[in-house]
Amino acid sequence: MKVALIKDSKVYDNKLLGLTLRERIKKTLERAGFVVEFFNDGLTLREAESYLFILEPVLILERDLRLEGKKALISDNSLFGYLFEGDFRNFFSGDLLSAIERYISMNSIEKQEVWAVKVSEENLKKAEKLLLESLVKSEKTGLKPAYYDGVIARVVNRKISLRISKFLAGKNVTPNQITVFSFLLSLVAAMLYLINNYLATLVAGIIVQIHNILDCSDGEIARLKFMESSYGAWLDGVLDRYADFVIIFSITFSLSQLNQSYWILGFLAAFAALMIAYTGDKFVAAYKTTYKSKGIPITRDVRLFIIFLGSIFNQLAASLILIAVLGNAECLRRIFEIKVLNS
Ligand code: C2G
Ligand code: MPG
Ligand code: MPG
Ligand code: CA
Ligand code: CA
């Protein structure tokens, strides 16, 4: 058994984005495989294979935290805790700090930098900002998702979705509810595209972009509130494929009133949208690692943004052409890229 012993503090009673800091550190360390206990004075140790001591109030931001061996835990050049192995118990009699000192003098202790922030009553706003940033699917947050955010997700969507997540954090909203709500929005947009007038198209485009942003919020809320699930991850992706299809189908149906040949374009655009997702997900399934595309940026965040722009400028044929041409070209490119890079 691995135990984490956290020196209790009133600071942990503060609520941050829906959970107390106490709940946050407990859930984070439980995810890393520890049994978590808070202590004040008069600590007694039970038998364990490793002991984690958190001595300073801290908010751990690192996701998929790995703690092994004998370590001094550092954040921003400042020590906040120790990880010791089972023999630590032999050093422990009475006072914790002197036991730690004796253990360190007789063992080689490495430093381990952990992405965390020491918390006090004064810096809760800064901690909140960092916590929100830690939810983004980028390489710097240490997340290992199937793929990192595309350019529109990074530059546009996350900027707004993090504010929405901040607002929703204290509410009783589940990630799956956001996923389903976001999908329903895509159905509303699709119905609006069937009405062949510019105002309906404009509103549909705006709804598509809101749908694009909410696609970031479901995952953010899941990570923020420790509510990630396999079903949620699956549903998130599957409903995206349905949403892509209904949006492209209804745009195509609308364009086909002008010329039946648009069905060919729509067919190719819908296929491209599906295949971009499939080639990425199939890579992850086969190679069991994150897919980092260095090719044409035509991921879902970008495609939905192209449809949003096409709606505003009433150039949806151009949007479908871009998606069909760039999407299929990118899939073709991936066939060769993946062969060369990973054989
Ligand atoms: N997740 C979850 N439950 C949900 C939705 C998402 O548990 N109902 C979690 C899963 O771990 C899933 C991850 O969140 O793998 C997806 O994270 P998001 O931030 O939603 O990112 P994604 O939808 O892949 O992309 O502009 C669009 C963005 O690129 C969104
Ligand atoms: C706009 C009509 C645009 C028609 C465009 C036809 C494009 C044909 C082929 C695309 C290029 C294919 C290249 C393939 C390369 C493969 C590698 O606009 C008409 C308004 O939206 C209405 O408001 O009707 C409209
Ligand atoms: C509109 C016709 C549109 C047809 C477009 C078909 C080609 C589009 C993309 C092909 C991309 C294929 C990529 C293959 C990659 C392989 C790996 O409408 C015709 C009227 O002017 C509209 O009023 O022209 C009109
Ligand atoms: Ca999502
Ligand atoms: Ca989604």
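Take the residues of the stretch 194-235 that are of a type in the set (Asp, Glu) and over 14 Å from VAL180 (Cα atoms): which is nearest to ligand 5 (Cβ to nearest atom)? Among them, the one singled out is GLU220. Considering the stretch 184-235, the residues that are surrounded by fewer than 23 Cβ atoms within 10 Å (Cβ to Cβ) and charged (D, E, K, R) include one that is farthest from ILE251 (Cα to Cα), namely LYS225.
Looking at the stretch 127-145, can you tell me whether even one residue there is away from ligand 3 (no atom under 16 Å from the Cβ), more than 30 Å from ASN77 (Cβ to Cβ) and at pLDDT 95 or above? Break it down stepwise before answering.
Going through the stretch 127-145, the residues away from ligand 3 (no atom under 16 Å from the Cβ) turn out to be 127-145.
Right, trim to more than 30 Å from ASN77 (Cβ to Cβ) and you get none.
No, that holds for no residue.
At pLDDT below 95 and farther than 22 Å from THR20 by Cα: does that describe GLU62? Lay out the reasoning, then the answer.
Details: at pLDDT below 95: yes; farther than 22 Å from THR20 by Cα: no.
Judged against the criteria, GLU62 is not a match.
Residue under question is ASN328, and the condition is that it be modelled with pLDDT of 95 or more, loosely packed, with under 14 Cβ neighbours inside 10 Å and not small (Gly, Ala, Ser); does it hold? Taking the combined requirement at face value, the residue does not satisfy it.
For the structure I just gave you, tell me whether ASN328 is away from ligand 5 (no atom under 16 Å from the Cβ), of a type outside the set (A, V, I, L, M, F, W, C), under 18 Å from ALA204 (Cα atoms) and in contact (Cβ under 8 Å) with a residue 24 or more places away in the chain. Lay out the reasoning, then the answer.
Details: away from ligand 5 (no atom under 16 Å from the Cβ): yes; of a type outside the set (A, V, I, L, M, F, W, C): yes; under 18 Å from ALA204 (Cα atoms): no; in contact (Cβ under 8 Å) with a residue 24 or more places away in the chain: yes.
Against the criterion (away from ligand 5 (no atom under 16 Å from the Cβ), of a type outside the set (A, V, I, L, M, F, W, C), under 18 Å from ALA204 (Cα atoms) and in contact (Cβ under 8 Å) with a residue 24 or more places away in the chain), ASN328 does not qualify.
Scanning the stretch 242-266 for residues that are surrounded by 15 or more Cβ atoms within 10 Å (Cβ to Cβ) and either among the hydrophobic types (A, V, I, L, M, F, W, C) or within 14 Å of ligand 4 (Cβ to nearest atom) (or both) yields ALA243, ASP244, PHE245, VAL246, ILE247, ILE248, PHE249, ILE251, PHE253, LEU255, LEU265.
Do you know which of the residues in the stretch 146-194 that are outside any helix (DSSP H, G or I), farther than 21 Å from TYR242 by Cβ and not hydrophobic (A, V, I, L, M, F, W, C) is nearest to ligand 1 (Cβ to nearest atom)? Walk me through how you get there before you give the answer.
Start the filter on the stretch 146-194 by keeping residues that are outside any helix (DSSP H, G or I), which leaves 146-150, 170-174.
In the following step, the residues that additionally are farther than 21 Å from TYR242 by Cβ were identified as 148-149, 170-173.
Now narrow it down to the ones that are not hydrophobic (A, V, I, L, M, F, W, C): 148-149, 170-172.
Working: TYR148: 9, ASP149: 5, GLY170: 18, LYS171: 15, ASN172: 15 Å.
Selected residue: ASP149.
Sub-7 Å Cβ pairs linking a first residue in the stretch 187-201 that is aromatic (Phe, Trp, Tyr) to a second residue that is part of a loop (DSSP other than H, G, I, E, B) and away from ligand 5 (no atom under 16 Å from the Cβ), at least 6 apart or interchain, are TYR198/ASN314, ordered by first then second residue.
Among the residues in the stretch 247-265, are any within 16 Å of ligand 5 (Cβ to nearest atom), part of a helix (DSSP H, G or I), of a type in the set (Val, Ile, Thr) and under 30 Å from GLY170 (Cα atoms)? So far as the stretch 247-265 goes, no, none of its residues is within 16 Å of ligand 5 (Cβ to nearest atom), part of a helix (DSSP H, G or I), of a type in the set (Val, Ile, Thr) and under 30 Å from GLY170 (Cα atoms). Set side by side, the residues GLU68, GLU47, GLU113, GLU139 differ, and just one is away from ligand 2 (no atom under 16 Å from the Cβ) and under 30 Å from ILE213 (Cβ atoms), which is GLU139.
Taking first residues from the stretch 209-230 that are more than 17 Å from LEU184 (Cα to Cα) and of a type in the set (A, V, I, L, M, F, W, C) and partners that are away from ligand 2 (no atom under 16 Å from the Cβ) and outside any helix (DSSP H, G or I), the Cβ contacts under 6 Å between residues at least 6 apart in sequence or on separate chains come to ALA222/GLU228; LEU224/LEU17; LEU224/LEU135.
The values are calculated or read from the model by the stated rules, or taken from the named source; none is laboratory data. Model, not experiment: these values are computed from the prediction. Don't worry about glycine lacking a Cβ; one is built from the backbone with ideal geometry, like all the others, and counts go over all protein chains shown.
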